[in-house]
Structure formats: C-alpha cells, structure tokens
There are 2 protein chains.
Amino acid sequence: MDLTRRDALAGAAGIAAAPLLANIPAHAAAVPLADKQAPSFYRYKVGDIQVTAVSDGANTFPLADSFVPNAKKDEINAALDKAFQPKDKVTIYFAPLVINTGSKLVVLDTGNGPEAFKSSKGAVGQFPANMAAAGFDPKAVDTVVISHFHGDHVNGLLNADGTPAFPNAEILVPATEWKFWMDDGEMSRASNDRMKGLFKNNRNIFEAALKKKVTPYEWGKEVAPGLLAVETVGHTPGHTSYVLSSGSGKVFIQSDVTNNPYLFAANPGWHAFFDQDGDIAEKTRRRVYDMIVAEKLQVQGFHYPFPGIGNVVKDGDGYRVVPAPWNTSL
Amino acid sequence: MDLTRRDALAGAAGIAAAPLLANIPAHAAAVPLADKQAPSFYRYKVGDIQVTAVSDGANTFPLADSFVPNAKKDEINAALDKAFQPKDKVTIYFAPLVINTGSKLVVLDTGNGPEAFKSSKGAVGQFPANMAAAGFDPKAVDTVVISHFHGDHVNGLLNADGTPAFPNAEILVPATEWKFWMDDGEMSRASNDRMKGLFKNNRNIFEAALKKKVTPYEWGKEVAPGLLAVETVGHTPGHTSYVLSSGSGKVFIQSDVTNNPYLFAANPGWHAFFDQDGDIAEKTRRRVYDMIVAEKLQVQGFHYPFPGIGNVVKDGDGYRVVPAPWNTSL
C-alpha cells in the first residue's frame, strides 16, 4: 500500500471539513486541576478467593550512604536509573491486603498508621482511606494477619486514639516474631536506637494497647482458609510470607523478602539497613526468588509499586519483577 | 546474628500470649465478595499539565490464525507465555486520556462507545463511567482530539442515542485521516468487509451524526497547549501520535504505534491484521521506539495495560515496556 499515492489522491479529492467552531457554544475555561489521586485499591481473584491490594501510600526520602551498607551510592543510583527512577532518592511503596476467603475477611499487614499519616501529610498511612474507598468496614474484619513487627506493618493496628483499628478481629502474629519482640532479654540487647525504638513501638502496640490479645501462629499452618504461612526469616527473626491458594489459583505473598524491587530484586545481594540479619535475608531472598522463577508463581509484594502483583524473571545477576496487567473488570 | 540461637532463647523465655479469642465478639461471616473492580483512572503531571489515563476496559478473544498474518500461532503463544499471559487468547487494553492543560480540558481518543459496552457486557466502553468516577463532566470538555479513525478511538464520540458525547467540544481530527475516510474513491476501493465496515462507521459518526463539524489538524502543530501532533502513519493513513510537554516534563503519547506491547513491542516486525499498511507501520514502530529508547522518553500507550505510562528498553530483537510505578499521591 502506497501512502504517498493515497495521500495525493485524498488531497486531490479536496474533501472539505465543515467550517470550524461556528456552532460551539462558549463555556468556562478548563476545570480546575484535580487535587487527589485515584483511590489506590485493586481487586483480583485467586480461585474463589478475592484479594484487594489496598495501598498505604509511598514514602520518598533522600538516598543516604547508610541505606544499603554493602552497596555504593553510585551503584544504587545506577539501579534507580536503570528503572527510570530519579537519582539520589528512594521511594518505598506499601501495599497491605484485604483477603476475602468467602468465610473470613482477612487483613494482611496494616500499614504505617495514623501518626505517620499526619507526619507525612498523607503520603503514607493511606490504608484506612483506601480501604474505605474499596468498601471495607474495619469492624467487619475477622482476622488480621501480621507478617512481622516493623512499624509499616503493625502501626495500622491502632487508631489515632490508641484503640484497636479492627475491633472485632483476631490478630494473628508469627510465633517466632512474637517471642523475639516480647523477650526482655532481647530488648536489653538492642544494639542501636533503631532497634530500641522498634522494641518500644511493639511493646506499646501489643502490650499497652492490645493487652497481648494476639494469637501466635506457626509456619506451615494455614492462618485463614487457603492462606498458608511460610518461614522467610532474615529481614526479622520471625519474618513470614504466605502462599494463598484456591482451586488452580496460587499467589506467593512475599511480604518483605525484597523491599523496593528496582533495588533489591535487581540486586539480591544488597543488604538494606532494615534487614535485621542481612546474610540470612539474602539467603532467603535468593531461595524464594529462585523458587518463584522456577515455578512461575505470581508474587504479591508489600513493597512493590501498587498494586504489587506480578511475576519474576531472572535478569543478569538478579531478578526483575514483571507487573501483571491491570484487569479492568472482575 | 544467629537466628537459631535467638529463637532458642525466645523459646526458653516462654513468653505466653494472652488466651485467644475470649473477648472477641461474635459477628457475621465474611462480607460478600465485591462485584466491581476499582474505577480505572490514574492521574499524573507533565509539568503544569495534568493527565488522567481513563480506561475504556479490555477485550479478550481467542487467538485467531489471522491475528498476525506474518507470525505463527506458536510464536505468538511463546510471546504471551514470556509475558506470563495465558496462551491461545489475546487481550486488548484501551486507555483514552483526559488532559487538563490548565486552560483547556482535552479528551484524547474516546474508546469503544456505548454499543460495544452493551455487546461486551461492560468489558469495554467503560470510558464514560471511569471518566465520571474521575470527576469529569463530558459537557466541560473543550477539545476532543482523535488520533485515527478506528472504532475503539472514535465510537465514544457519540452517546447511545447518537447525540454528541462531548456536546461543547471542538473535535480535532488528523487532516490526512479525515481526507482518507471521507474520500468516496477510497471508500469504493475498500478491499474487504473490515475496511468497508470502517468506512461505513466513520461516515455514520462524522457525516450523519456530527455533520462534519470537525477541525482537521496538521502534523507538527499543537492541537492544544503543550500537545504537539506528530506523524506516525502505517496503522492508518493519517495515524497520529503526540508529544505532550510542559516545563521539563515530556511524554510521548504513542496512540497505536504498537498494540498490546507483550506482542508488538516485543516483536516490532509483526504486522497485526488491523495495521492498514503493515510495512509502513513497522518502519514507524521501529523509528519511534528507537527514538524513545535513545531519548529515555516516557511513553503513554493507548493499548498498553492500564494506566499505560512507562518507559521502553531494547530487549533482544525487540523492545520491552517498563511500566512506571503507580504514584499514590498527586
């Protein structure tokens, strides 16, 4: 087909459009710019189970030398650049889940909580608002499952006034994680301000506010119908991931096996400062990602960009997350 | 850090959790499963301009032998598999845009329209509903820009009753595209039922319904503040893409330079049956994608999975789209 010939013909035909704008009524100039992003929730099915990824927001901060103690700033900037992300800053994304098994409404991790919402001016702590936008009532939640005891996972357990955010829910916590953070000996050995702060925060939430009304769970057991807890330690002593299965559907919910995948899936040998045991976290990361690649399992990542569901491929010495396409219908 | 030692210590400490569930009030079983996906719109800024990608939905159909005349079904299935998509079917995504330049509210392409919404049972034709969810009133639209005259781009120009969907808007169409589809000689030479159907559809919309009240535009000119029309022919004789710029922000709006990127960005040599001139479409595709890669330009793709904004990298003999991370705030 010869476009040049066709264009010439079309031109020769001299088809005129109607005179312009004569009948267009005058109206006000463009509407004001929107001041809000779309509500950030996204639903998908795993067999008969319905998962809703509900964003808690994202936090961007300057790249500190100490962010990845075993990587140079230049290497981190190169990884950011490779992912088309701006240099010298890092964004951390947060995506708790609401899982409706049909018989139980489960919240999996709870986000940064109301105080972080305030101090970040709404950048994080969006979980309650996005959960409401998705039509979920916190009072209807049967079970809250916690993957590990870092603030971005547990602080959303409480309202701003310190009352339980999910007043009718059983709160399930990894047994090993529970033992570690509730152990006074461990607390006394906390070696830096960050670890001391974590102990204090966890005692405030679980002892002072929740009066230890939690159910510790073991790895290898279901914490809700179809939701199997699996050991993925290193990031914390009791860090837990999950396999969610129903029918032929299966998703690996990795929790924090990697943080931001542009950095830590691409470079599984990097130890983020918040990995409590970097060596074990790395071993876990490589083991889990090799398994995910081999089994072509879908993965849901708490710190993946929203909505956080995808697959993983080997890419050079590391891995790359291939986000699943957004399904516009259920 | 020795997790085994720590676990042993924690175990030895014998910290007990409170008795379980004693105080959990009974309440109804899990809430019903949701029956609707999240509204599929997404906002981002390009300098001072605000773009909202507003999905028109997605269409999944069995993979026909004729879908890509110059590729074998096995090769297409291999491309689908590489993208973690199911074999033997193809999904086409549709993402019109609403662009608020600050002075003009612009709709760029209009989706499959109300008849397709009905026949697809809501799988496509979602643009009006998602536009409403994003807070846009069709009456407030100043300008509708059409990239080319295929049904998924022009059918949304009309309401179900045949009246204009954007009653106060000037409708801008590529001059070359306009000439081609309005030329009776070209229409008489339509070589197959598909082409005949396209002529008929375009005459129904632009002549019968809109009475030719359109403004043809030339390539190399702005069709709205910051929105430059650029020639990317082959898919249709007047197929148009855009460069949207404001301040230091710049996005290449590719329209249909590729359809589904898992297939046609990965395999730029494949000629989809709906590429009117496959050879020219391929030349355009390679030229545009090489430019986008070299300039590290962000790309918005009408047929990319929602929200359709990303970057492009070279990947083997083809290209791969790297979706931009979802920004949970504006």
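Residues of the stretch B:89-109 with the amide nitrogen closer than 18 Å to a label point 7 Å from the Cα of A:VAL31, along Cα-to-Cβ, please. Residues B:96-109 fall inside that zone. Between B:LYS314 and B:THR60, the C-beta separation translates, for a Förster distance of 35 Å, into a calculated FRET efficiency of about 0.75. Take each residue of peptide A:176-184, count the partner chain Cβ atoms within 10 Å of its Cβ, and average: the result is 5.
Considering only DSSP beta bridges where both residues belong to chain A, give the percentage that are antiparallel (nearest 5). Counting only bridges with both partners in chain A, antiparallel ones make up about 75 percent. Near B:GLU170, the amide H atoms lying under 5 Å from its own belong to B:THR143, B:VAL144; only residues 5 or more places off or on other chains count, and H is placed 1.01 Å from N. Largest GNM mean-square fluctuation across B:PRO32, B:PRO305, B:PRO96, computed for chain B with C-alpha springs under 10 Å, falls on B:PRO32. Across the stretch B:154-164, coupling constants 3J(HN,Hα) worked out from phi with the 6.51/-1.76/1.60 Karplus curve, θ = phi - 60°, read 10, 5, x, 5, 10, 6, 4, 8, x, 7, x Hz, and Gly and Pro carry x. Only one residue of B:ALA165, B:ASN130, B:SER66 has its Cα farthest out toward the positive end of the dipole of the stretch B:37-323, where Lys and Arg carry +1 and Asp and Glu -1 on Cβ, and that residue is B:ASN130. Quick one: helix A:73-82 against the long Cα principal axis of chain A, what's the angle to the nearest 10°, folded into 0 to 90? The two axes meet at around 40 degrees. With the label put 7 angstrom out from Cα along the Cα-to-Cβ vector, A:ALA64 ends up 5.9 nm from the copy partners, going from closest to farthest. What the Cβ-Cβ distance of B:ARG189 and B:LYS296 gives, at R0 = 41 Å and to the nearest 0.05, is a FRET efficiency of 0.45. Between the C-alpha center of the stretch B:214-275 and that of the stretch B:110-161 there is a gap of 19 Å. With contacts taken as Cα pairs under 8 Å at a separation of at least 6 residues, chain A carries a relative contact order of 16 percent.
Computed as a quarter of the hull surface, the mean projected area of the alpha carbon convex hull for chain A stands at 24.6 nm². Between A:ASN70 and B:GLU222, what FRET efficiency comes out of the Förster formula 1/(1 + (r/R0)^6) with R0 = 45 Å and r the beta carbon distance, rounded to 0.05? Calculated value: 0.35.
Straight Cα distances below 23 angstrom link B:LYS179 to the lysines B:LYS196, B:LYS200, B:LYS211, B:LYS212, B:LYS213, B:LYS221, B:LYS283, with same-chain residues fewer than 8 positions distant left out. Only aspartates and glutamates eight or more places from A:LYS250 in sequence, or on another chain, were considered; those with a Cα closer than 12 Å are A:ASP48, A:GLU295.
Summarising the label geometry, the points placed 7 Å from Cα in the beta-carbon direction at B:ARG287 and B:SER103 lie 3.1 nm from one another. Chain A has one residue whose beta-carbon comes closest to the axis relating it to chain B; that residue and its distance in whole Å are A:PRO323, 3. Taking the DSSP bridge list for the protein assembly as shown and keeping only pairs wholly inside it, about 75 percent are antiparallel.
Values quoted throughout were computed directly from the atomic coordinates according to the rules given, and no laboratory measurement underlies them. Keep in mind it's a predicted model, so treat the numbers as computed, not measured. In this analysis, Cβ positions are derived from the backbone assuming ideal geometry, glycine residues included, and neighbour counts consider all displayed protein chains.
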